[in-house]
Structure formats: structure tokens, C-alpha cells
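Enquirer: First, the structure itself, so that you have it in front of you.
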Amino acid sequence: MRRPWPAGGRLARTLQADPYFGYLLVLPLVIWIVLTIVYPVLDAVRLSVLNVGYVGAAGRFVGLANYGKVLASWEFWHTAAVTVLWTALNVALQVVGGLVAALVLNQEFWGREFARNWIILPWLFPSIVLATMAKWMLDPTLGVVNYLLLKAGLVAAPISFLGSPVPAFLTATIVNAWHWFPLFALMILAALQTVPKEVMEAAEVDGATYWARLWRVELPSIGQVLYVVIFISSLWAANVFDVIWLLTRGGPSSATNTFTILIYTKGFQEFRISEAAAISIPLFAMLCLYGIWYMRRFMQEGVEGATS
Amino acid sequence: MTAAKTVARYLSVLAVLAVAMLPTYWIVINSFKTLPELTSPVPTFWPHTFTLAHYVALFEQLPFLAYFWNSAYVALWVTAVTLALSSLAAYSLYRCRYRGREVLFKVFMSSYIFPRVLLLIPLYVVFARLGIIDTLGALIIVYVTTIAPFSIWMLRAFFTEVPLELEDAAMVDGASRLQVLVRIFLPLCATGLAALGLYAFLMSWTEYFFALTFIISDPHRTLPLGMAQFLQDYNIDWGLLMASSVIIAIPPIILFAVAGRWFVKGLTAGAIK
């Protein structure tokens, strides 16, 4: 749906046809983005064909040697697998969690405004607070989670949640999903509110069960928003650094070593800046391809709809 | 409506709220426990004795106030610069018509696909050359970069709502286009700008990744960096961490209480219209 220009507004519209004012206003941001995104990315390409170790060192041209080395390494493909798994699991948890929370909050109940506003709480916390909470609650000796599990007889000995690969991966995923699901819940909730009540009521009168109404009426009518939410959630999940770094540093046994962690450790712990750059470029290419594919496949609305 | 249905409804609401809030409750009450109670293997679900000792220690033993001030300084600058840059750019994209407008919009939006980590290395190299590594200025620059593109998206709901007639009327009265923008248009979008301000402040206040790489010396540490230090200590001082977690979360909560509903509108209107 395009938002039509309001009736009238003839003078303003005529003046808008004069392009220079428009260019002038957008120019500062364009310059900012060119200097801090476009230029750095080009510089990353340059770094990736040199053999720079630490920042400030002079590099020698080595052609595609870094790429060859990186792409031939077990580490790169292991990281790719971890990143895909991490992203997929995060998207699933965040979107399903957000959807469930949105459906719950879309009901009529006392205190609805309060609940709808403050469901956002987990999203307001800095990652350092998330890490603190998780480490404190999951601590093997002091943590309340192990205490409750032991008391309920569900485990025989305290679990070291961050000590072995699979639990650590799942823990970091859940912490990160807990941080993000409220944001998606709010987006989905706003979409649910646009589903006309009459449609839902008519379906109910026709005898459709709750699940039938959900699958046949409610979800299809918010489909476009779900696609946007899944897209945003996947991009943000693929970019996560803080929660993983603060909880596990990519370990144990590289179980949580996503690309952001790998690039950081290569560049700033092992001082192989050029190799780190050579990892960044394929990652960027993959994300671009994913973005283009996803938008073509699932998001019908073009830019025109957004700017008109 | 049967009673069973009503009970189920309230239980579902309670369950969702519990997931969102219980960890918060746990941090807050633990920040008021005495050290022996805090580190007892049998946790208490309500403190036996309340103490402010951890909060006092935070301000007495650590450069906590300096971290707090650094974070506030960065976040306020980022908010101001982002508001200026993106409100002008968004006005241009949504209100002016010129060639290349759509391409520009696409470019801004797709800077989201950008892995932040891709910017990390080249920006570090550039900042090192400029000599601004280990300054708060480096953080301000990079935060504006990561926040500005999304801001354009957020402002859309508010900017496209203002009727053109208002701008017309002002121009008939002889106001220049810049005057119309600053005096008439932007004040009408005040709620949108508040929402954007909240987002910019929140993102810079909580940021850890770039701060970790660009800031080296203790006097320049922001709050998340300062706190990360205690979390990495061999003997973690949980009391201090709980207290500082509570304090670092207060500014975002206050801001959200003030501007939250507009933020939600900016967030969702782009996706829904």
C-alpha cells in the first residue's frame, strides 16, 4: 500500500521539484557514510591482499594468499557452520518467542498497557548486564538455576552451563534470544492489532478453532511483518559479538566461535589484521547474497513504497 | 467467556511477564543482599537484611563515576549528531523529489547488512592513523555510523504523517525552506525525534564491541567496559556487579518510560504502515 500524497500541498510540491535543497540536506549523512563505511570497506579489501600483522605495520603485497589460507582452513568452515547454526537457532527462538508473547499480549486483560510497555525490559539491558545475569544465575555453586534443578531432583550434580560445548552454545543462544524477543514481540503485536476484529470474530462464529484462526487468518494477514522480523532478526543475530564474547569468548572448543568472534580474535588477539580482513570479505559477500535473495524472495514491497 | 478461559488468559500473561522480568528481579534483590547472604549456597528469594554496601563500594572503590560520565558524554554526543544528520537526510528522502533518491534510500537501508565487524579493522587502521584510538571521539564517530541508517527508517512514520498544507501555508507567509523545516516541520515531528533520541542514546549507552577495541586506557573506559573488568576477575565480586548492573540499567529505563510509546511507533510503522 502506498501512502498517497495528501490533497493540496501544491506549492510545497512544486518547490520540492527543485533538487538542490534535497541534495543539500542529505549530503552530510552521505559524506559521513562514505567516510565511515564505504572507505573502510575498500580499505578492508586493500588490507586483505597485504600481509599486515598488527595495526601500523607496513604490509607487502601477497595477492590472494590470505584468501587461499583462510578458505583452506578448517577454522573458517567450522566458524561458518557455527554462525549458521547460531543464526538459525536465534531467529527461531526470537521469532517464535516474539510471536507467542505478542499473541498473549494481544488479548484483553487488566494491566494490558503496563504489560505491553514493559515487556521491552530485557531489550533495554546492556549486554554486560545480560552476561552478569547469566553467569550469576547459572553459576555451578552459587547459581539459583542449579539450586532449583537440584532441589527439584532434575539433576544429580550441578551443571556447568558454560563449561562444555553444547550447553555453552545453547546458553549463549538463549541469553541472546531473551535479549531480542521483546523487540520482535512489539513489532508483531503492532501488526496483530491491524488485523480487523470483525474478521477474527466472523471466523469464530463460523466455528473455526483457535488454531485454525491463527493459521488461516491471523498469521497470513501479518505475513509481511513476519518476513521483515525474520530478516532483521537474522542480520542482527549474525552480527552478535558482546553476549558471546562476555560469556564464552568463542569457546569451549570453538563451540561458540562465530565470524564476529573469529575476526576479532584474528585481528586483535593474534595480530593478523590482513587475515582477519580476508575473512571479512567473504562474510560480507555471503551476507549480501543472502540479503538480496531474501528481499527478492520474501519482501514484495520495494523502496518506492517506502519513500513515496 | 468462561472462568477457565479467563484463568488461562491471565496465566499466559503472567508466564510471559515472568520470562521477561524474573531475571531482573533476581539481579535487583541480590544487589541489596549482604555478602554472606549473597554467596551462600542456599539462595534466599527475598533478602534477610537489606544493605546499600555494594552501591557505596561502587562509588568509593572504583572510578565508577568516571565510567558513568564517559558513557553519558558519548551517548549525548551521539544522540545530538544522529538527530541532526538523520532528520535532515530523512526530510530530504521523504519530502524532496530528485534523481537518485531511491538509490540513496536503498544504500542507507542496506548498510544494515553490513557486518559491524567488517568495519572494525579498517576503522581501527584509519583511527590509528588519525591518532584518535583511545579517545571517546572515536566511539562517537563509529556509533553515529551504526545508528544513522536505522534512524532514517524510524523517522519515516513520523515524517510522512505531516500534511504538506502546513508547509505550504508557511511558505505563502514568506518563510524560507530552511525556516519551514526547522521552525514548522521538525517541531511537528517532535515525538519522532524523541523516539530516535531514545534509540541513539540507548545504543551508545550499551555498546561494548567497538568500545572494547577502540578504548585502551582506564580513564577513557565507558560503563560496559568498566563492568566487564569485574566480570573477568578471577574472584568475581558479585555484589559490585549486581549493583552496577542496576545502575547502568536505570537511564535506559527512565528514557523508555518517557519516550517508549513513540519508539514503538517508529519501530513498527515502517514495517506496517
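Just so it is clear, none of the values below were taken in a lab; they were calculated from the coordinates. In this text, all values refer to a predicted model and were calculated from it rather than measured experimentally. Every residue, glycine as well, gets a Cβ built from its backbone with ideal geometry; the counts of neighbours run over all protein chains shown.
Enquirer: For the protein assembly as shown, compute Rh as the Kirkwood radius over C-alpha pairs and then the Stokes-Einstein diffusion coefficient at 20 °C and 1.002 mPa s; write the answer in µm²/s, rounded to an integer.
Expert: Values: Rh = 25.7 Å.
For the chosen part, D equals 83 µm²/s.
Enquirer: Now a separate question. Taking N as the number of residues in the range B:53-272, what is its Cα Rg relative to 2.2 N^0.38 Å? The partial results should precede the final answer.
Expert: Working: Rg = 20.2 Å, N = 220, 2.2 N^0.38 = 17.1 Å.
For the range B:53-272, the normalised Cα radius of gyration is 1.18.
Enquirer: Along the principal axes of its C-alpha atoms, what lengths does chain A span, in descending order and rounded to whole Å?
Expert: Cα spread of chain A along its principal axes, largest to smallest: 72, 69, 30 Å.
Enquirer: Okay, moving on. If a helix is a whole DSSP H run, which ones in chain A reach 20 Å or further along their own axis (Cα) and hold a mean Kyte-Doolittle hydropathy of at least -1.0? Write out the running numbers ahead of the final one.
Expert: Values: long enough: A:19-33 (21 Å, 1.89); A:74-105 (46 Å, 1.45); A:165-192 (38 Å, 1.53); A:223-238 (22 Å, 1.74); A:273-298 (37 Å, 1.11).
Span-like helices in chain A: A:19-33, A:74-105, A:165-192, A:223-238, A:273-298.
Enquirer: Going by Cα centres, the range A:135-154 and the range A:225-296 are how many Å apart?
Expert: Here the two parts' Cα centres lie 31 Å apart.
Enquirer: Report, ordered by chain and residue number, the aspartates and glutamates lying within cross-link reach of A:Lys135, taken as a straight Cα distance under 18 Å and ignoring same-chain residues fewer than 8 apart.
Expert: A:Asp242, B:Glu37, B:Asp233, B:Asp237
Enquirer: Also: Using packing as a proxy for protection, rank A:132-138, B:124-130 so that the peptide with the highest average count of other Cβ atoms within 10 Å comes first. The partial results should precede the final answer.
Expert: Working: A:132-138: 22.6, B:124-130: 17.7.
Per-residue Cβ counts within 10 Å, averaged per peptide and sorted highest first, yield A:132-138, B:124-130.
Enquirer: Further question on the same structure: At R0 = 30 Å, how high is the FRET efficiency between B:Ala15 and A:Val84 if r is their beta carbon distance? Nearest 0.05 is fine.
Expert: Values: r = 31 Å, r/R0 = 1.03.
That pair, B:Ala15 with A:Val84, gives E of 0.45.
Enquirer: Work out the length of the dipole vector of chain B about its Cα centre, built from +1 on the beta-carbon of each Lys and Arg and -1 on the beta-carbon of each Asp and Glu, and round it to the nearest 20 debye.
Expert: Details: 17 positive and 13 negative charges, 203 e Å.
Here the size comes out at about 980 debye.
Enquirer: Moving on to the next point. Could you work out which residue, out of A:Pro282, A:Pro40, A:Pro165, moves most in a Gaussian network model of chain A, that is, has the largest mean-square fluctuation with Cα springs under 10 Å?
Expert: Of the options given, A:Pro40 has the highest mean-square fluctuation.
Enquirer: So, one more: What distance in nm lies between label points placed 7 Å from Cα along the C-beta direction at B:Leu130 and B:Thr34?
Expert: The answer from the label model is 5.3 nm.
Enquirer: Given the peptides B:236-247, A:42-53, arrange them by the average over their residues of other C-beta atoms within 10 Å, most packed first.
Expert: On the way: B:236-247: 22.2, A:42-53: 19.0.
Result, highest mean Cβ count within 10 Å first: B:236-247, A:42-53.
Enquirer: Of all chymotrypsin sites (Phe, Trp or Tyr not before Pro) in the range A:174-263, which ones are in loop regions per DSSP and have a Cβ with at most 15 other Cβ atoms within 10 Å? Working shown, then result.
Expert: Working: sites: A:Trp178, A:Trp180, A:Phe184, A:Tyr210, A:Trp211, A:Trp215, A:Tyr227, A:Phe231, A:Trp236, A:Phe241, A:Trp245, A:Phe259; in loops: A:Phe241.
Answer in residue order: no site qualifies.
Enquirer: Give me the three principal axis extents of the range B:1-51 from the C-alpha atoms, as integers in angstrom, largest value leading.
Expert: Dimensions of the range B:1-51 along the principal axes of its Cα atoms: 50, 18, 16 Å.
Enquirer: Here is a follow-up. Please give every one of the aspartates and glutamates within straight-line cross-link reach of B:Lys265, meaning a C-alpha to C-alpha distance under 16 Å, and leave out same-chain neighbours fewer than 8 residues apart.
Expert: Straight-distance partners of B:Lys265: A:Glu113, B:Glu161.
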